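> What follows is a structure written as structure tokens; I'll ask about it next.
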Amino acid sequence: MNSFGAGAPANTTGRDLEASLQRAGFYPRLVSDVVNDALDGQDCLAHLVHVETHFDRTEVHRHITVLVLTEEMLVITHVDDQQLDDAGEQIVAQVSTESVPVRQIRSVVLSYTYAQPQDYKPSDPARELTVSIAWSGGQRIELLPASCGDPNCDADHGYTGTTAQEDIALRISAEAEGLQAVADAKSFARALRAVNTGATAAPHAGAAGLKFPALGQRMGRSHYRR
């Protein structure tokens, strides 16, 4: 049984995950124990640790999302902290974990941003990467007021928008987190696609009867999107 938390890591990947949590610096001991418990002894094949900071007037909010891939599961852990008093002496951590069988993952989408595409060379790294993963059939809808293109027209043209299938979307920026973070996210997505493709080609016994929710049944479920 693997454990990268309280005891010595059982493999190199587990040690890498523990090191990533330590580097993130967001309650590493707590997050490590939560992730370890959610893995329930399964080996870590790949991981992605993502910390974001948001500013709300005079308050600073940080949260961490940890994706851990095993042979059978995608384990998602999200931790927020909340200040209960003005002095900042009373803080609580809100933790959620979700374990998704890899055979249920329906799509892994990578969206890239490149600077100066007219000068692109094969060695040029992406400046930004968004990893979107869908497994429940839920959709994200983005609506904007529609227009007819006439700048002087003030008629109501309703709304227009786009839909995207996703349960979780993480945006990694080289400007904020460094080029290595973008490369790590890309490597994780490749590992996830490889395991998911293998699981789809050779599903576990009993998977044939697995039923997915109808498209759009769980709209706006992207509670990990930050």
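Just so you know, all these numbers are worked out from the coordinates, no wet-lab data involved. In this text the structure is predicted, and so the values were computed from the model without any measurement. Using ideal geometry, Cβ is built from the backbone for each residue, glycine included, and neighbour counts are taken over all protein chains shown.
> For the range 146-153, just list the computed ³J(HN,Hα) in residue order, Karplus coefficients 6.51, -1.76 and 1.60, θ = phi - 60°, integers in Hz, with x standing in for Gly and Pro.
7, 9, 9, x, 8, x, 9, 7
> Sorting His157, His63, His47 on the 10 Å Cβ count, fewest up front, what's the list?
Ranking His157, His63, His47 by Cβ neighbours within 10 Å, fewest first, gives His157, His63, His47.
> Let me ask you something else. What distance in nm separates the simple spin-label points at Gln22 and Ala176, each placed 7 Å from Cα in the Cβ direction?
Placing both labels 7 Å along Cα→Cβ, they lie 2.6 nm apart.
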